[in-house]
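Visitor: First the structure, then my questions, so here it is.
The values are calculated or read from the model by the stated rules, or taken from the named source; none is laboratory data. Since this is a predicted model, take the numbers as computed values, not measurements. Because the Cβ atoms are built from the backbone with ideal geometry, glycine has one as well, and the counts that use them run over all protein chains shown.
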Amino acid sequence: MEFKEVVGRRRSIRYFQSWRRVEREKIQTMLEAARLASCAVNATFLKAIVVERSQLDRQTLDALKTPVSALNIELAPVHIYTYIDTQAFVGAQGRLRTLVDVGALNATHGWSHKFVDEFVWPNILKPLADNATQAQTVAAAASDAGNAICQAMLAGVDEGLGVCLSAFVPDPIKKVVNPPDHWLPLWVLLVGYPAESWEGGGQRPRPPLDEQFFEGKYGNGFKADPAVTERLKAAKMIQAPAPLPWRKQEIQALARMFGLPE
């Protein structure tokens, strides 16, 4: 698919073909997309552990569920548990020097080994590394981790998979996958082939562009150009909004298939 269509097709899929195995190469593709995401000071804040749902015993699986994610977690064949590595700033000095060496950070913008060693590290990075759990540092790391997760999700959609970010209870899975204590749990990225249509009933409701984004200053909404909107519709980035006319019938059929309340 073209990129704009991938963005437009992404839905939070909540009905998965629980019986269908996801090919390992497709999971690798998602992880590679996350690995290549932009990250501050070349620090890999996102860490993830891939688990096949079938590897989890019933007690653990039930303990992972929350009131809003129980069925999602039950149906998804693959769980990718994501975390923030609060120690990712450690070693950033050397990684920045490497970026200077490969021409990513250049003298035209003031970069050099000396600048890294004598200014960036002592004044910016070392204080962050020494206070890794402070809210400001965690927020910056979460932004980078979210960026990487987003790329993984879009790669999954491009591979024909369904994806959904869900909350989970961290302690039960920690006993199984044993992440380091300095990893902070984020979300579980649920992956599988959709049992519902990929449209998921239509593109989700969102506020108009000029209510969410502004130009020049707050209150001056960024106005959409109708010609651009039509071009994005043609590229399948903007798609038919929910609810599609047959969505209720689809949900009823899914409920009967999985033995769920209608």
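Visitor: Return the only residue of Ala234, Ala224, Ala240 being small (Gly, Ala, Ser), surrounded by fewer than 11 Cβ atoms within 10 Å (Cβ to Cβ), under 24 Å from Lys4 (Cβ atoms) and under 28 Å from the mean Cα position of the chain (by Cα).
Guide: On the way: Ala224 fails: surrounded by fewer than 11 Cβ atoms within 10 Å (Cβ to Cβ); Ala240 fails: surrounded by fewer than 11 Cβ atoms within 10 Å (Cβ to Cβ).
When all the criteria are applied, what remains is Ala234.
Visitor: Kindly indicate whether any position in the stretch 182-189 is modelled with pLDDT of 95 or more, not acidic (Asp, Glu) and not in a strand (DSSP E or B).
Guide: So far as the stretch 182-189 goes, no, none of its residues is modelled with pLDDT of 95 or more, not acidic (Asp, Glu) and not in a strand (DSSP E or B).
Visitor: So which residues in the stretch 1-22 are surrounded by 14 or more Cβ atoms within 10 Å (Cβ to Cβ) and among the charged types (D, E, K, R)?
Guide: Residues satisfying the conditions are Lys4, Glu5, Arg9, Arg10, Arg11, Arg14.
Visitor: Mind checking which pairs have a first residue in the stretch 40-62 that is closer than 30 Å to Gly94 by Cα and a second that is assigned to a loop (DSSP other than H, G, I, E, B), Cβ under 6 Å, 6 or more apart or different chains?
Guide: Sorted first by the residue in the stretch 40-62, then by its partner, the pairs are Ala43/Ala88; Ala43/Phe89; Thr44/Ala88; Phe45/Ala88.
Visitor: Then there's this: Touching a Lys or Arg at 6+ places or on another chain (Cβ under 6 Å), surrounded by fewer than 20 Cβ atoms within 10 Å (Cβ to Cβ) and not β-branched (Val, Ile, Thr): does that describe Gly201? Outline the logic, then answer.
Guide: On the way: touching a Lys or Arg at 6+ places or on another chain (Cβ under 6 Å): yes; surrounded by fewer than 20 Cβ atoms within 10 Å (Cβ to Cβ): yes; not β-branched (Val, Ile, Thr): yes.
Criteria met by Gly201.
Visitor: If you check Val78 against the conditions, is it surrounded by 12 or more Cβ atoms within 10 Å (Cβ to Cβ), in contact (Cβ under 8 Å) with a residue 12 or more places away in the chain, under 16 Å from Ala40 (Cα atoms) and touching a helix residue (DSSP H, G or I) at 6+ places or on another chain (Cβ under 8 Å)?
Guide: Details: surrounded by 12 or more Cβ atoms within 10 Å (Cβ to Cβ): yes; in contact (Cβ under 8 Å) with a residue 12 or more places away in the chain: yes; under 16 Å from Ala40 (Cα atoms): no; touching a helix residue (DSSP H, G or I) at 6+ places or on another chain (Cβ under 8 Å): yes.
So Val78 fails the test.
Visitor: For the stretch 10-80, list the helices (runs of 4 or more DSSP H) that sit wholly inside it and hold at least 1 residues that are farther than 19 Å from Pro179 by Cβ and touching a Leu at 6+ places or on another chain (Cβ under 9 Å); which are they? Steps first, answer last, please.
Guide: Values: elements: 24-35, 58-64, 70-75.
Fully inside the stretch 10-80 and qualifying: 24-35, 70-75.
Visitor: Right, another one. Show the residue pairs meeting these rules: Cβ distance below 7 Å; 6+ apart or different chains; first residue within the stretch 132-157 and touching a residue at least 24 places away in the same chain (Cβ under 8 Å) and over 18 Å from Arg9 (Cα atoms); second residue assigned to a helix (DSSP H, G or I) and not acidic (Asp, Glu).
Guide: Thr137/Leu128; Ala140/Ala40; Asp144/Ala40; Ala148/Ala34
Visitor: Would you tally the residues in the stretch 140-198 being of a type in the set (Asp, Glu) and surrounded by fewer than 16 Cβ atoms within 10 Å (Cβ to Cβ)? Even if it seems obvious, please write down each step before you answer.
Guide: Filtering the stretch 140-198 for residues of a type in the set (Asp, Glu) gives 144, 158-159, 171, 181, 196.
This time we only want the ones that are surrounded by fewer than 16 Cβ atoms within 10 Å (Cβ to Cβ), so: 171, 181.
So the answer is 2.
Visitor: Would a scan of the stretch 197-207 turn up a residue that is more than 30 Å from Arg247 (Cβ to Cβ) and either in contact with a Pro (Cβ under 8 Å, 6 or more places away or on another chain) or part of a loop (DSSP other than H, G, I, E, B) (or both)? Steps first, answer last, please.
Guide: Going residue by residue through the stretch 197-207, those that are more than 30 Å from Arg247 (Cβ to Cβ) are none.
Taking every residue of the stretch 197-207 in turn, none turns out to be more than 30 Å from Arg247 (Cβ to Cβ) and either in contact with a Pro (Cβ under 8 Å, 6 or more places away or on another chain) or part of a loop (DSSP other than H, G, I, E, B) (or both).
Visitor: Which of the following residues is in contact with a helix residue (DSSP H, G or I) (Cβ under 6 Å, 6 or more places away or on another chain), polar (S, T, N, Q) and part of a helix (DSSP H, G or I): Thr137, Thr108, Thr98? Spell out the reasoning first.
Guide: Details: Thr108 fails: in contact with a helix residue (DSSP H, G or I) (Cβ under 6 Å, 6 or more places away or on another chain); Thr98 fails: in contact with a helix residue (DSSP H, G or I) (Cβ under 6 Å, 6 or more places away or on another chain).
None of the others qualify; the one that does is Thr137.
Visitor: Now for a different question. Go through the stretch 2-30 residue by residue and tally those that are of a type outside the set (S, T, N, Q) and farther than 23 Å from Ser69 by Cα. Spell out how you get there, then give the answer.
Guide: To start, the set of residues in the stretch 2-30 that are of a type outside the set (S, T, N, Q) comprises 2-11, 13-16, 19-27, 30.
Next cut, farther than 23 Å from Ser69 by Cα only: 2-8, 23-26.
Result for the stretch 2-30: 11.
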